[in-house]
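Here is the structure we will look at, set down as C-alpha cells.
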Amino acid sequence: MRFGKYPKEIIGLVALIVAALLWGIEFVVEKDLLAYYGPNWANSIRFFISSILLLYIFRAKVVLSGKKDWKKGMVSGIAMGFGYSFQTMGLKHISAGVNAFISSGYIVLIPIILWGMNKKAPTKWVIISTFVALMGVVSLSSSETEVFFWGLGIGELFTLIGACFYALGIVLSEKHAQEMDVNLLASIQCIGTFIVSIFMAALLEATPDYVDGVIIVEFIYLILLASMGTQILFAFGMKYVSSNKAGIIFLLESVSAMILGWVFLDEEILFTQILGGVLIIASILISYQDRPSQKTATNI
C-alpha cells in the first residue's frame, strides 16, 4: 500500500498540487491565445493532439480496454469537456483571475451533485457555503454587459455553467479512477473532451486561420502540460485522494491564476475581486466543516 516510504495518499496529494499549479498557469496562457482563436477551437486543437499522443503512449492499455472502460471514460470526459468549453468561453470575456476563482466554485457544487446521486440531503454547512459562494461570484463580477441577475455578465455566467460540469466530471472521475487504469481513463477523457470541443467549435465559431511562433509555444504548453500532464496527474491523484480533499488543493489554481494574470497580462485586481475571491475560499472551507477525512463513497 505504499510507494517506498510514502503513503499513496501523499503521492496523490502531490500530483494534485502540481496539476493545480499547471492549471493556474493555463488560464494566463489561454487568455492570451484567445486573442487569435475561438475558445472551442483552441480546446479542439489541444485535446485532439493530446488524445493522439495519449492513445499512442498508452496503446497497450487501450488494446486491452473494454466497452465498460470506454463508457466510463467518455461519460466523465464529456462532462469535463463541457466544463472546459463554457469556462474557456467565459475566459474570453473576463480576466484570468476572475475566471479561475468562479471556476473553483465547482468544489461547493460537488456535495450538491452527490446529493442528487445518493439521495442524501446536503447539510446546513453546504447550504451556507453555497450562499457564500454565490455572494463571492457576484462580488467578482466585473463585466459591463448584464445578462443575468445581480448584474452578472456573460463571462461570469458561462464560467458558472462550466463549474457545474466540472463538478460532475470530478465526481465521476473519483468513482471511475477506482475501477479502471488511471492512464486509460485520462486518455479516454481527453477524447471525450475533444468531441465536445469540436462540436461546440463547429456550432459557434469561425475556423481560425492565423498562427505564429508564440501561438505554437502556447499550444505546446497547453498540450503537453495543461492537457496531457494535468489529465494524468488529476486521474492519478483522484485514485488516492477524495474529491472533498482535492477541493482544498485546487484553491491553488485560482490564486495562482489571479497573481499570474496581474504579473503577465497586466490585469487589474479590484477590491471587489479580492473580496469575491476571499468569499469563495471561505465558502469552500465552510463546506468542509462536517466532511469525513476518508474518501467519499458514492453510489453512482
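Okay, here's what the table says:
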item: Residue ID - modelled with the lowest pLDDT, chosen from residues in region 1-33 that are surrounded by fewer than 22 Cβ atoms within 10 Å (Cβ to Cβ) and aromatic (Phe, Trp, Tyr); result: Phe3
item: Residues of region 137-189 that turn out to be at pLDDT 75 or above, surrounded by fewer than 21 Cβ atoms within 10 Å (Cβ to Cβ) and β-branched (Val, Ile, Thr), as a count; result: 2
item: Criterion (in a helix (DSSP H, G or I), modelled with pLDDT of 75 or more, out of contact with any Phe, Trp or Tyr (no Cβ under 6 Å at 6 or more places or on another chain) and closer than 13 Å to Leu160 by Cα) met by exactly one of Leu114, Leu109, Leu134; result: Leu109
item: Selected residue (only one of Phe47, Phe58 is surrounded by 23 or more Cβ atoms within 10 Å (Cβ to Cβ) and at pLDDT 90 or above); result: Phe47
item: Region 190-213 - residue that is of a type in the set (Asp, Glu) and surrounded by fewer than 16 Cβ atoms within 10 Å (Cβ to Cβ) and, of those, modelled with the lowest pLDDT; result: Asp209
item: Residue match in region 216-234 (condition: touching a residue at least 24 places away in the same chain (Cβ under 8 Å), β-branched (Val, Ile, Thr), buried (at least 18 other Cβ atoms within 10 Å of the Cβ) and within 19 Å of Ser104 (Cβ to Cβ)); result: yes
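Condition check ((1) closer than 22 Å to Ile195 by Cβ; (2) small (Gly, Ala, Ser)) across all residues:
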| residue | (1), (2) |
| --- | --- |
| Tyr36 | no, no |
| Asn43 | yes, no |
| Val63 | yes, no |
| Ala79 | yes, yes |
| Leu91 | yes, no |
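The values are calculated or read from the model by the stated rules, or taken from the named source; none is laboratory data. Remember, it's a predicted structure, so these values are computed and weren't measured experimentally. Counting neighbours? That spans all protein chains shown, and the Cβs are built from the backbone with ideal geometry, glycine included.
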